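One structure is given here, and the rest of the page talks about it.
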Amino acid sequence: MAKTRVWIDCDVGADDAAMLLVAHKLEAMEIVGISAVAGNVPLAATYPNARKICHLMQAEYPVYAGAARPLVRKQITAAHIHGSDGLSGVELPLPGREKLETLPAWDAMYQAALTHDNLELIATGPLTNVAIALAKYPALIQKLRRILIMGGAVVGGNRTSCAEFNIYADPEAAESVFRSGVPMVMCGLDVTQKAYLTKAELESIAALGSAQAKTFAAVLQPPLERVLQDGWPGVPVHDLCPALYAVYPALFTARQAGVFVETEGSVALGKTVADLDSDKKFADRHVTVALGIDRKGFVETVGKAMGKYRT
Ligand code: BDR
Ligand code: CA
């Protein structure tokens with residue numbers, strides 16, 4: 001069976017790290033490249049973190065550095081959730097410097113799309129790199145099969161009362177990506193907060209015994225403790241959703257919608273405005289909005305992927 005070829009743009013990040021560890025072992029997926037963007041922590045950490053996770057996975061994916069700041073706004077981070085290093089203080093070796101890629105993320109993304117027909121782009125951080133790529137290379141709009149993102153929320157927010165972090169961190173970038181016309185799958189908080197792992201589920205992944213499985217559990221441990229204190233049942237592994245959707249869409253329920261990003265409002269800055277339940281629909285409705293997940297299937301899929309690492 002032909003594999004789904006993907007490029008992953010991420011801001012590693014505890015749940016980005018967890019996503020990479022799982023994505024690497026998804027049989028139906030072929031990762032052709034990885035790029036890092038500033039987000040959860042500065043690029044100076046997200047880029048080496050992406051390389052550290054590849055090294056941990058013993059994977060030779062090319063890793064590219066992208067934008068160190070949002071398109072126009074002041075940078076924000078989420079270090080209080082991911083730790084100042086982005087990996088919850090989990091120390092991992094950084095591979096030697098001889099394999100450093102020199103192209104910027106957006107150029108590398110475009111080259112990959114020229115090489116691989118129907119390339120899918122998975123973005124789990126602020127959309128700065130993707131927006132730059134689409135602006136610099138308009139041909140990319142036709143080249144990409146779709147863009148799957150962790151970002152946004154139809155209802156509620158986590159950075160503000162109505163905006164999700166990845167979109168709020170660079171709303172202008174997000175707005176231009178939603179407006180580009182590339183078919184999109186939006187995995188916002190509506191679905192990602194349902195994609196959680198309980199303490200017991202995280203422990204059973206750690207008990208698989210491989211260095212990769214232990215790291216998966218370790219990076220998610222501090223965010224887990226935080227959400228348990230707030231009365232949540234488990235830690236949402238937000239960034240896994242678009243990666244899983246790319247190859248296992250049957251795990252999700254979703255609806256087609258028009259979605260645009262608020263870039264001017266003082267209260268609703270960074271809100272992904274969706275027309276799902278509106279009488280007035282947007283003319284352009286090219287976004288598939290994931291809203292539900294088969295959590296049992298999600299936990300099994302993650303466990304199965306993580307069980308493939310050798311102890
Ligand atoms: C998103 O923001 C980051 O904190 C996570 O890595 C995830 O991509 C959740 O709002
Ligand atoms: Ca992320």
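The values are calculated or read from the model by the stated rules, or taken from the named source; none is laboratory data. Bear in mind the structure is a predicted one, so any value in this text is a computation, not a measurement. Neighbour counts run over all protein chains shown; Cβ positions are idealised from the backbone, glycine included. We work out accessible area using only protein heavy atoms, side chains counted, and drop any ligands, DNA or RNA first. Shrake-Rupley method; radii C 1.70, N 1.55, O 1.52, S 1.80 Å.
Which longest uninterrupted range of the chain lacks any GluC sites (Glu not before Pro) assigned by DSSP to a loop state (not H, G, I, E or B) and surrounded by at most 14 other Cβ atoms within 10 Å?
Of all site-free stretches, the longest is 92-263.
Specify the residue with the greatest mean-square fluctuation among Ser278, Ser204, Ser35, computed from a Gaussian network of the chain linking alpha-carbon atoms under 10 Å apart.
Ser278
Find the centroid of the Cα atoms in region 130-195 and in region 265-300, then give the distance between the two in whole Å.
10
Give me the number: length gained by fully extending Leu228 to Met1, i.e. 0.36 nm times residue separation minus the C-alpha to C-alpha distance, one decimal in nm.
Net length gain for the segment: 77.7 nm.
Could you do me a favour and compute the accessible area per residue for the chain, 1.4 Å probe, result in Å²?
Computed with neighbouring chains in place, this is 41 Å² per residue.
Do any cysteines in the chain lack another Cys Cβ under 4.7 Å, and if so which?
Flagged as lacking a Cys partner: Cys10, Cys54, Cys162.
³J(HN,Hα) across region 154-161 via Karplus (A = 6.51, B = -1.76, C = 1.60, θ = phi - 60°), whole Hz, x for Gly/Pro?
6, 10, x, x, 10, 8, 10, 5
Please enumerate, by chain and number, the lysines with C-alpha under 28 Å from the C-alpha of Lys281, excluding those fewer than 8 residues away in the same chain.
By straight Cα distance, Lys281 reaches Lys143, Lys194, Lys271.
With contacts defined as alpha carbon pairs under 8 Å and 6 or more residues apart, what's the relative contact order of the chain in percent?
20
How large, in percent, is the carbon and sulfur part of the accessible surface of region 67-109 at a probe radius of 1.4 Å?
After summing per-atom areas, the C and S share lands at 54 percent.
Counting Lys and Arg as +1 and Asp and Glu as -1, what is the net charge of the other residues whose Cβ lies under 12 Å from the Cβ of Ala112?
In short, -4.
What does the net charge come to around Gly83 if you take all other residues with beta carbon closer than 14 Å to its beta carbon, with K and R at +1 and D and E at -1?
Net charge in that neighbourhood comes out at -4.
Count charges around Asn158 for me, please; just the other residues with Cβ under 13 Å from its Cβ, Lys/Arg as +1, Asp/Glu as -1.
Computed value for this residue: -1.
Leaving out same-chain residues fewer than 8 places away, which lysines sit with a Cα under 19 Å from that of Lys199?
Qualifying lysines at Cα under 19 Å: Lys214, Lys296, Lys304.
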